[in-house]
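In what follows, a structure is listed as structure tokens, so that the remarks can point back to it.
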Amino acid sequence: MDKLKEKLANLKLDAEKWQEKHDDLQVKVKELEQENLEKDNQIQALTRKNETLEENLEKLEEQVTEHKTAAEESHSLKSHNENFTKKNQQLEEELEESDKNLKETTEKLRETDLKAEQLERKVTSLESEREDLEKKYEELSEKYAAAKAELDEISAQLEAI
């Protein structure tokens, strides 16, 4: 009987050990379940954060694409602007040259107008002088004709004598 009591006492001790082990393992299971729940929550939070980051990444990629397009357009516009600036500069130079030519031509026209006025005065003077000379010629022609007629008359009278 002692053996039985001893065996029973050993079984009770074993049962208590197993009960303690069971309690420890239940605590451990609860801790692991809690840890698992926390990990699940972390996974869900990280999943949401990952989705948000992916959405932000897509938006940023779209913005990068838009910025690249804008940069290309800006480069194109800059190139066009440079071309227009060069063209504008050429046109300004041509305008300056044209203004210079216009001033020279205007000055030459003034000089020509002055020469034309001088020549008109000279022509007027020469025409007046010609008219005076024509009048003198007519007067001299009349005098010559009168003198010739008188000479002819005198000659005729001398011949008659």
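Brief remarks on what is shown
- Test for GLU82: is it under 50 Å from the mean Cα position of the chain (by Cα), surrounded by 10 or more Cβ atoms within 10 Å (Cβ to Cβ), at pLDDT 95 or above and in a helix (DSSP H, G or I): no
- Selection status of ALA160, exposed (fewer than 10 other Cβ atoms within 10 Å of the Cβ) and not polar (S, T, N, Q): yes
- VAL29 being open to solvent by less than 100 Å² (accessible area, probe 1.4 Å) and either over 50 Å from the mean Cα position of the chain (by Cα) or of a type in the set (D, E, K, R) (or both): yes
The values are calculated or read from the model by the stated rules, or taken from the named source; none is laboratory data. Remember, predicted model here, so these are calculated numbers, not experimental data. Cβ coordinates were reconstructed from backbone atoms using ideal geometry, including for glycine residues, and neighbour counts include every protein chain displayed. The accessibility values were calculated without ligands, DNA or RNA, using every heavy atom of the protein model including side chains. Shrake-Rupley method; radii C 1.70, N 1.55, O 1.52, S 1.80 Å.
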